[in-house]
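Data first, discussion second: the structure below is written as structure tokens.
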Amino acid sequence: MIIAIDGPAASGKGTLARRLAAHFGLPHLDTGLLYRATARALIDAGERLDDSVRAEAAARGLALTDFDEDKLRGREMGEAASVVAAIPAVRKALLEMQQTFAARPGGAVLDGRDIGTVICPNAQAKIFVTASPETRANRRALELAGRGEKVDYAAVLEDIRKRDERDSSRSSAPLVIAQDAVVLDTSALDIAAAFKAALAIVDDKRG
Ligand code: DC
């Protein structure tokens, strides 16, 4: 069974994807890490984020095992990832890696922006996780503070809005709701309630 979880930044999709994966005993891929690691490789090499030739090479050079999440989770990396993610050659370079992961025997859970639309259009269960920008900014601010980053709520909200706009308006695999996805708005839900709702959606799809 392939479970595709998409949604905007800080919607809670990562937490739900991890929990669903643990519940069903499936491997999980946070595809945002691929774009974050691509951006990180460019920054570490002193390259520009919008250099499509170098960005594609950085994406092709990634291995699923070399993610240092601590270095990839910060506020700046999210923004940088959104910039490289708009480059079609980068998306193409990362497509096969994601589809190979999804094709594991038994299935997988993937979360990102284009899983249900582009990477796994045949996924059995597709959930589009969302929440209001203010709720997402609150969650992201708490997460960043927990990581020891200095947090300015207004700046985090501005980041979220900017990323929503960039991720939704790019020409290549924009953030859109797949036709057969179920929308789960977590604005008024805590993690336990959101997980219960997500599980109900998946169980319903499994018949
Ligand atoms: O989910 P995240 O915040 O870690 O993602 C970081 C950026 O990567 C996001 O702003 C857009 C991009 N991304 C994407 O374009 N497609 C995906 N499947 C996952 C992430």
For the stretch 47-106, whose charge dipole is built from +1 on Lys and Arg Cβ atoms and -1 on Asp and Glu Cβ atoms, the candidate among A59, L49, A89 with its Cα farthest towards the positive end is A89
With no solvent term and unit scatterers on the alpha-carbon positions of the chain, Debye gives log₁₀ I(q)/I(0) at q = 0.09, 0.10, 0.13, 0.17 Å⁻¹ of -0.32, -0.39, -0.69, -1.21
Simple SL model, points at 7 angstrom along Cα→Cβ for R206 and R166; separation in nm is 3.7 nm
Length-normalised contact order of the stretch 1-67, Cα under 8 Å, at least 6 apart, in percent, tallies to 23 percent
So the FRET efficiency between V53 and V176, C-beta based with R0 = 41 Å and rounded to 0.05, is 0.90
Zone reached by a paramagnetic label modelled 7 Å from R147 Cα along Cα→Cβ, restricted to the stretch 14-40 with backbone N below 19 Å, covers 14-19, 29-40
Simple spin-label estimate for A45/S187, 7 Å along Cα→Cβ, in nm, reads 4.2 nm
Output ordering of 82-92, 14-24 (per-residue mean of other Cβ within 10 Å, highest first) is 82-92, 14-24
Treating only Lys and Arg (+1) and Asp and Glu (-1) as charged, each at its beta carbon, one finds that the chain has a dipole about its Cα centre, in Debye to the nearest 20, of 260 debye
Sparse-neighbourhood loop hits (trypsin sites (Lys or Arg not before Pro), the stretch 111-151; DSSP loop; Cβ within 10 Å at most 12 others) -> R147, K150
Toy charge model, Lys and Arg Cβ at +1, Asp and Glu Cβ at -1: the stretch 15-118 dipole around Cα centroid in debye, rounded to 20, equals 260 debye
Between K92 and N138, Cβ-based FRET efficiency (R0 25 Å, step 0.05) works out to 0.10
Relative contact order as a percentage, the chain, C-alpha pairs under 8 Å and 6+ apart, gives 33 percent
The pairs in K162/K205; K150/K196; K13/K92; K92/K196; K126/K162 lying past 31 Å Cα-Cα in this model are K162/K205; K150/K196; K92/K196
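Laboratory data are not the source of any read-out in this text; all were calculated from the coordinates shown. Predicted model, so just to flag it, every value in this text is computed and none were measured. FYI the Cβ positions are ideal-geometry reconstructions off the backbone, even for glycines, and counts take in every protein chain you see.
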